[in-house]
Amino acid sequence: MKRYEFLKHTADVAVRIFGRSLKDLFASAAWAMFAVILEKTKNRPGAVLTQKEIVVAEERPEDLLKGWLDELLFFFSVEHLVLVRIKSIEIDEGRLRAVVLLDAFDREYYAIKDEIKAVTYHELEVRKERYNWQAHVIFDV
């Protein structure tokens, strides 16, 4: 199963995200967002990774997804940290707890593709389709 696909959009970046579970969907959304922002140009030998815990509490799955992506975008935009691994994601009754590993952004190893200004609520949707999950997210670039 593919993780995400980019959709045509007039000014921003729209993406449809897929997952076998809600946790898988949220992981796919994180990878989709970083695929918009940058690409890895080469491996960093001996990279020292930073571990961060993310906790988001929201009632609706759409709000939970936006909160999760907002936290990851903050790490990149403000702390200049790039997501390299999701160690764990727990989602239970309107609460997300995740542990992620991040690498310091360095132009020698990463190339910027596009700047995401915000994760928007415009057309934001999370839904279960039969046995899998789907989401629709638009990034303001």
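Just so it is clear, none of the values below were taken in a lab; they were calculated from the coordinates. If you're wondering where the values come from, they're calculated on a predicted model, not measured in any experiment. Cβ sites come from the backbone with ideal geometry, for glycine too, and all protein chains shown count toward neighbours.
When the Karplus curve 6.51 cos²θ - 1.76 cosθ + 1.60 is applied with θ = phi - 60°, which whole-Hz ³J(HN,Hα) does each residue of segment 122-134 get, with x for Gly and Pro?
Once θ is set to phi - 60°, the couplings for segment 122-134 become 4, 6, 5, 8, 10, 8, 9, 10, 6, 9, 10, 10, 9 Hz.
In percent, what relative contact order does the chain have, based on Cα pairs under 8 Å that are 6 or more apart in sequence?
Contact order relative to length: 32 percent.
Among the lysines, which have Cα under 16 Å from the Cα of residue 40 when same-chain residues fewer than 8 positions away are ignored?
113
Using helices alone, what [θ] at 222 nm do you get for the chain, with -39,500 (n - 2.57) per DSSP H run of 4 or more residues, divided over all residues and rounded to the nearest 500?
-8000 deg cm²/dmol
Just to check I understand the Karplus step: with θ = phi - 60° and J = 6.51 cos²θ - 1.76 cosθ + 1.60, what whole-Hz values come out for segment 89-96, glycine and proline as x?
Calculated HN-Hα couplings, in order: 9, 10, 10, 8, 6, x, 9, 10 Hz.
I need the Kirkwood Rh of segment 51-122: take the reciprocal of the average 1/r across all distinct C-alpha pairs and report it in angstrom.
13.1 Å
If neighbour count is taken as other Cβ atoms inside 10 Å, put 63, 103, 114 in order from fewest to most.
In order of increasing Cβ crowding within 10 Å: 114, 63, 103.
Expressed as cubic angstrom per residue, what is the convex hull volume of the alpha carbon set of the chain?
Considering the Cα atoms of the chain, their hull volume per residue is 110 Å³.
Arrange 133, 31 by Cβ neighbour counts within 10 Å, fewest through most, would you?
Least to most surrounded, the residues fall as 31, 133.
Enumerate the calculated ³J(HN,Hα) couplings along segment 61-69 in order (Karplus 6.51 cos²θ - 1.76 cosθ + 1.60, θ = phi - 60°), each rounded to whole Hz, writing x wherever the residue is Gly or Pro.
Couplings: x, 5, 5, 5, 5, 4, x, 4, 5 Hz.
For a footprinting-style exposure proxy, rank 37, 91 by other Cβ within 10 Å, fewest first.
Neighbour counts put them in this order, fewest first: 91, 37.
Compute a Gaussian network model of the chain, connecting alpha carbons closer than 10 Å, and tell me which residue from 36, 84, 48 fluctuates the most.
The residue that fluctuates most here is 48.
To the nearest 10 degrees, how steeply does helix 22-37 sit against the main Cα axis of the chain, on a 0 to 90 scale?
50 degrees
Net charge near residue 78, counting Lys/Arg +1 and Asp/Glu -1 over other residues with Cβ under 14 Å of its Cβ?
Around residue 78, the charge tally is -2.
Mind checking which of 121, 110, 131 has the largest fluctuation in a GNM of the chain, springs on alpha carbons under 10 Å?
Looking only at 121, 110, 131, the biggest GNM fluctuation is shown by 131.
Show log10 I(q)/I(0) for segment 20-61 at q = 0.17, 0.21, 0.27, 0.30 Å⁻¹, two decimals, from a solvent-free Debye sum over equal Cα scatterers.
Each listed q maps to, in turn, -0.75, -1.00, -1.13, -1.12.
Which of 67, 94, 46 ends up with the largest GNM mean-square fluctuation for the chain, with Cα atoms connected below 10 Å?
Taking springs between Cα atoms under 10 Å, the residue moving most is 46.
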